[in-house]
1. So residue B:189 fits all but one of (1) farther than 20 Å from residue B:271 by Cα; (2) more than 14 Å from every other protein chain (Cβ to nearest Cβ); (3) buried (at least 22 other Cβ atoms within 10 Å of the Cβ); what number is the exception?
2. Condition first: out of contact with any helix residue (DSSP H, G or I) (no Cβ under 7 Å at 6 or more places or on another chain) and either within 9 Å of chain A (Cβ to nearest Cβ) or crowded, with 21+ Cβ neighbours inside 10 Å (or both). Now tell me which residues in segment B:272-281 satisfy that.
3. Filter segment B:219-265 for residues that are part of a helix (DSSP H, G or I) and surrounded by fewer than 18 Cβ atoms within 10 Å (Cβ to Cβ) and give the result.
4. Working carefully through the options A:323, A:300, A:319, A:347, find the one that is more than 8 Å from every other protein chain (Cβ to nearest Cβ) and either surrounded by fewer than 19 Cβ atoms within 10 Å (Cβ to Cβ) or assigned to a strand (DSSP E or B) (or both).
5. Can you find a residue in segment A:282-291 that is modelled with pLDDT of 95 or more, under 18 Å from residue A:6 (Cα atoms) and away from chain B (no Cβ under 13 Å)?
6. Here is a list of conditions, (1) within 14 Å of chain A (Cβ to nearest Cβ); (2) part of a helix (DSSP H, G or I); (3) surrounded by fewer than 16 Cβ atoms within 10 Å (Cβ to Cβ), and residue B:165 meets all of them except one; can you say which number that is?
7. Being assigned to a helix (DSSP H, G or I), within 17 Å of residue A:137 (Cβ to Cβ) and touching a strand residue (DSSP E or B) at 6+ places or on another chain (Cβ under 8 Å) narrows it down to one residue among A:43, A:74, A:5; which is it?
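The values are calculated or read from the model by the stated rules, or taken from the named source; none is laboratory data. This structure is a prediction, so every number in the text was calculated from the model and none was measured. Cβ placement follows ideal geometry from the backbone for every residue including glycine, while neighbour counts extend to all protein chains displayed.
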């Protein structure tokens with residue numbers, strides 16, 4: 001097998017490190033913006049297999065990343081489960097906030113089937129990728145998706161969602177189970193269409209108490225891992241409990257994920273000591289990528305010095321729209337041991 | 001010695017757990033609001049020994065907490081070092097943002113002496129406290145204070161300060177050293193006036209890369225611990241690297257602090273396993289305190305079940321203004337093994 005990411009996820013220490021970037025398909029690329037402009041509605045864009053496949057492949061063509069990640073959004077699932085979801089330019093996602101009485105009406109049946117255009121995107125991308133590149137499918141983790149569903153939008157503290165979870169432990173459990181069950185079918189659909197890795201994004205693991213983390217993050221993620229396995233799908237599952245802090249270690253063991261992606265704040269050497277053989281991914285500071293120049297060179301060196309064992313190079317979060325293409329190229333060259341030409345970033 | 005917090009900080013396992021709350025003197029107390037209203041300017045209020053001592057003592061009188069924490073603010077130091085600091089009602093602290101050229105002008109000499117009213121507050125409080133209660137002095141950690149000085153206000157991401165630190169490693173080092181040196185004198189002054197514990201608040205440890213954390217958090221905090229010791233002050237020093245995640249463990253060892261306070265997100269049992277004998281403090285969810293009722297009862301039980309060894313019960317962050325007095329009383333009773341009468345919180 002000559003695919004460096006699949007080898008790494010099978011437990012092999014591959015060097016140079018395989019590399020891809022979260023949100024590598026996005027607004028920092030002019031070719032992305034050109035395609036994106038042709039379908040103003042974001043959900044329609046995500047559900048257009050031709051266009052979604054095209055933008056998924058753009059960073060592979062331009063940069064030669066080792067993985068393509070399906071272009072989609074974590075909030076397609078609530079839409080497929082009967083909730084109203086809109087993306088408003090300049091605001092982001094806006095959903096009809098859920099009350100506790102709405103939990104009973106959330107529909108699992110048929111939700112994953114609603115997202116069949118996504119599987120078509122996967123098939124198209126896979127057909128275009130050579131065997132050395134990996135196609136990564138993904139979904140939002142139930143708690144992260146639930147925060148948007150309950151609050152109606154992205155918020156800094158998630159206080160409304162945390163209150164909901166504290167006040168209604170039974171109902172949040174039902175809601176997360178339903179989200180997990182729809183997500184299982186959705187991820188199985190992606191794998192059956194050709195996704196070779198499935199990544200579960202827990203973007204809002206931050207600031208939860210240990211008992212809330214157990215109930216809201218670990219339990220639903222474990223349900224997803226077990227459900228995907230029960231459906232006979234054997235592709236590696238990567239968990240990304242962003243900003244989970246110390247609890248990321250227990251997450252890895254208790255959920256059963258095959259690999260752990262980590263945010264910028266995690267010391268990779270400490271995580272490696274705690275998890276000697278688990279494939280890891282991360283964790284270049286996205287701010288350093290925006291700043292470029294020597295700051296970026298030192299930050300890449302810092303990550304390279306901290307990693308060992310099976311590891312995939314990535315950011316700790318997504319590529320920002322103001323990132324310079326030359327700097328993405330330089331990081332890839334640097335990680336691959338080639339000459340890296342860093343340029344100054346845009347001053348923010 | 002019959003002082004439960006000092007016994008705990010000396011390494012003894014004291015039960016029932018000693019207890020105090022961050023921001024226990026504050027807007028949830030009508031008696032605080034009454035005194036506060038008599039001096040509208042917040043800095044003048046902090047620097048009024050009579051009034052600051054009075055509000056420091058209020059929660060001890062009302063609740064019988066095991067510790068009083070000096071009423072002051074982490075932004076007194078930049079003011080004493082020659083920067084303009086204002087507190088604007090409804091906005092919070094506003095500072096003149098620092099440029100890199102301003103670092104040279106930061107004055108260490110005389111800064112701690114400027115804060116002599118704070119030492120007078122300490123003396124007054126200490127004179128009122130019986131031997132079973134502990135008086136805790138404190139300061140902001142250099143990086144946390146620097147974020148406000150560079151950004152001019154509190155911001156969610158601290159991006160401007162992080163950019164400053166990345167772009168100007170030499171100058172941020174000088175700035176943090178100066179802040180540390182002024183803070184050493186300030187903490188020594190508090191200890192000499194009668195503070196029995198010194199707490200260093202690193203409220204903005206969050207989201208730093210491991211190398212930035214080393215440079216911005218660990219190094220200056222170590223400098224403070226060593227400087228306070230070099231001045232012959234032997235009182236316990238507690239570090240509070242809020243939201244430092246996995247790096248909190250290394251922080252404890254590398255800075256040399258005598259005790260570690262932790263935020264709500266930390267699993268206390270995991271921290272205890274990593275640091276078998278270090279006195280710890282925390283970490284009830286402040287949101288549970290606001291919500292009250294059975295949510296709060298369960299959250300207190302969760303903390304009690306997770307702690308072992310020398311431990312001081314506290315919140316993971318400060319008491320919010322909408323907290324019910326009855327619930328603070330109930331938590332104290334619960335922790336002390338008495339009957340706890342929880343009431344519903346204000347719906348936020």
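1. (3)
2. B:281 - this is the single residue of segment B:272-281 that is out of contact with any helix residue (DSSP H, G or I) (no Cβ under 7 Å at 6 or more places or on another chain) and either within 9 Å of chain A (Cβ to nearest Cβ) or crowded, with 21+ Cβ neighbours inside 10 Å (or both).
3. Result: B:222, B:226, B:227, B:229, B:230, B:253, B:254.
4. From the options A:323, A:300, A:319, A:347, the qualifying one is A:347.
5. For segment A:282-291, residues modelled with pLDDT of 95 or more, under 18 Å from residue A:6 (Cα atoms) and away from chain B (no Cβ under 13 Å): absent.
6. Of the numbered conditions (1) within 14 Å of chain A (Cβ to nearest Cβ); (2) part of a helix (DSSP H, G or I); (3) surrounded by fewer than 16 Cβ atoms within 10 Å (Cβ to Cβ), the odd one out for residue B:165 is (3).
7. Step by step, each of A:43, A:74, A:5 is checked, and only A:5 is assigned to a helix (DSSP H, G or I), within 17 Å of residue A:137 (Cβ to Cβ) and touching a strand residue (DSSP E or B) at 6+ places or on another chain (Cβ under 8 Å).
Per-residue answers, yes or no, for (1) over 21 Å from the mean Cα position of the chain (by Cα); (2) over 18 Å from residue B:35 (Cα atoms):
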{"site": "B:71", "(1), (2)": "no, no"}
{"site": "B:81", "(1), (2)": "no, yes"}
{"site": "B:90", "(1), (2)": "yes, yes"}
{"site": "B:116", "(1), (2)": "no, yes"}
